[in-house]
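The block underneath contains the structure these notes are about, expressed in structure tokens.
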Amino acid sequence: MEHKLYYQDAYIEHFSSRVKEQHHDLEGNWYVTLEQTAFYPTGGGQPHDIGFINEELVTNVEEIDGEIRHYIQNPVFTNHIEIDGKIDWIRRYDFMQQHAGQHVLTAAFVELFDIQTTSFHLGEETVTIDLNCSEIDDTQLLAAEELANRIIMENRPIETKWVTKEQLEQYPLRKKVKVDQDIRLVIIPEFDYNGCGGTHPRNTAEIAMLKILKVEKQNGQIRIHFVCGNRIRKQLHKKQKAVLEMVHLLSSSEEKLGDTVKVLLNQKKVLEKQLAEKQQLLIEFESKELVEFQQQAFPLIHAHYHDRSIQDLQKLAQLVVAESPSVIVLLIARNEQRLQVVLGRGQNLNVNLKAVLSEILPLINGKGGGSESFVQGGGIDGTDVVLFEDTCVNLLKNHLAKLHENV
């Protein structure tokens, strides 16, 4: 472990070393190994460090087959040369705060409710833990958050110890350690004892504060999203900006913002209901107009539109065939580059519209379906909507002609 400087001192930002080897992996990505390093590799739920080796950007750090690989963009190093390493300290310290906060919050759920954490993820924006339970209430969440913040404010030391497998029984571990050698414990005295290979601050006070953001169910467990330290300030800034924008847009105070939104939502429901009623009346009028206008074209009624939803076409076609049981209706809409088709027939006709649709859809590289009496489909095509309508009309006329021949 002597070459892993981040275990000797997690606060090392700069270090010197020598290049052992420069190589590339099977994907062609270049990396260097060093005699010693302060770069933390991905592991234990904590992301890798980034930074610089000399002037070369380190984009990833992985421990593979016992060696720590520092991935670089350009193969600029030679073996055994001296280098200067520089850690992205802001990123490292943020991860130290979040990781320590995870230890505290996880221990709080165990201490208060005997609920274990099954997994942990330290992301760039938030941290998550998955709790081994299917339900949790607001009272429990608040209690765990309050206990975690009390431990943080008590400025308890965060200690690390290397122990043997035989020594583990001396400690009240939160969960079983998975390794048999190089066992590293992270300890918050009289609160949390846990095997962990991550980096942590020297005391809980450096976590600063912990805030639970949201809770969701995930694969039968409860996932907790939270942040610590400077991430709380970032979250507060983002949320305060959103609140102030809503206050301005809604001409409301922060205190009454919830009530204002409820009033607007209720108004929206009323307006949507009124709009739906008006749209239904409009479609009913439109269907009667279609029938009256194209009476001379019976038994085929057709029309095309621009920027009309397929749901509107379906409603319109259903009304037409309900009023006129001896017609076929063809409705087409172009929505940007998409052509959509609806076909319906009255109960007095026996044309198989699924067969008609199977001839239409290849013309527009489309997909669709339905029954023999009512079908719909769509595809992406640059064909002029009028020409496409004419083609569909001719196909329908052919089917109607065959129907008359059989009669």
* Structure fact -> segment 312-371: strands (runs of 3 or more DSSP E) wholly inside it with 1 or more residues that are buried (at least 21 other Cβ atoms within 10 Å of the Cβ) are 328-335, 338-345
* **Subset of segment 367-400 that is within 42 Å of the chain's Cα centre (by Cα) and acidic (D, E) - its residue that is nearest to L353 (Cα to Cα)** => E372
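For (1) crowded, with 18+ Cβ neighbours inside 10 Å; (2) under 21 Å from T204 (Cα atoms); (3) touching a Pro at 6+ places or on another chain (Cβ under 9 Å), each residue gets a yes or a no:
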residue: N74; (1), (2), (3): no, no, no
residue: T118; (1), (2), (3): no, no, no
residue: T128; (1), (2), (3): yes, yes, no
residue: L141; (1), (2), (3): no, yes, no
residue: L147; (1), (2), (3): yes, yes, no
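Yes/no matrix, rows are residues, columns are (1) aliphatic (A, V, I, L, M); (2) not assigned by TED's automatic domain parsing to the domain that holds D130:
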residue	(1), (2)
L26	yes, yes
F39	no, yes
R69	no, yes
F77	no, yes
H80	no, yes
Q97	no, no
I115	yes, no
* Structure fact -> From the option list V186, V177, V110, V104, single residue qualifying as within 22 Å of A10 (Cβ to Cβ), within 31 Å of the chain's Cα centre (by Cα) and surrounded by 15 or more Cβ atoms within 10 Å (Cβ to Cβ) is V104
* Residues located in segment 1-25, provided they are in a strand (DSSP E or B) and in contact with a Lys or Arg (Cβ under 9 Å, 6 or more places away or on another chain) -> H14, F15, H23
* Filtered residues of segment 26-40 (kept if in a loop (DSSP other than H, G, I, E, B) and in contact with a strand residue (DSSP E or B) (Cβ under 7 Å, 6 or more places away or on another chain)) -> N29, E35, Q36, A38, F39, Y40
* To do: Hey, can you tell me all the residues within segment 13-72 that are under 16 Å from H3 (Cβ atoms), in contact with a helix residue (DSSP H, G or I) (Cβ under 9 Å, 6 or more places away or on another chain) and among the acidic types (D, E)?
  => D49
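A quick yes/no check of all residues on (1) closer than 18 Å to A208 by Cβ; (2) in contact with a Phe, Trp or Tyr (Cβ under 7 Å, 6 or more places away or on another chain); (3) without any contact (Cβ under 8 Å) to a residue 12 or more places away in the chain:
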{"residue": "I90", "(1), (2), (3)": "yes, no, yes"}
{"residue": "D94", "(1), (2), (3)": "yes, no, no"}
{"residue": "Q97", "(1), (2), (3)": "yes, no, no"}
{"residue": "V104", "(1), (2), (3)": "yes, no, no"}
{"residue": "F109", "(1), (2), (3)": "no, no, no"}
{"residue": "D130", "(1), (2), (3)": "no, no, no"}
{"residue": "L142", "(1), (2), (3)": "no, no, yes"}
* Residue in segment 28-41 that is of a type in the set (A, V, I, L, M, F, W, C) and without any contact (Cβ under 8 Å) to a residue 24 or more places away in the chain present -> no
* Residue in segment 18-46 that is farthest from F77 (Cα to Cα), counting only those that are buried (at least 20 other Cβ atoms within 10 Å of the Cβ) and touching a Gly at 6+ places or on another chain (Cβ under 9 Å) -> Q46
* Structure fact -> When segment 314-346 is checked residue by residue, the ones that are touching a strand residue (DSSP E or B) at 6+ places or on another chain (Cβ under 7 Å) and either closer than 15 Å to V385 by Cα or not assigned by TED's automatic domain parsing to the domain that holds G379 (or both) are L330, L331, I332, A333, R334, Q337, R338, L339, Q340, V341, V342
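The values are calculated or read from the model by the stated rules, or taken from the named source; none is laboratory data. Because the structure is predicted, anything quoted here is derived from the model rather than measured. A quick note on method: Cβ atoms are made from the backbone with ideal geometry, for glycine too, and the neighbour counts reach across all protein chains shown.
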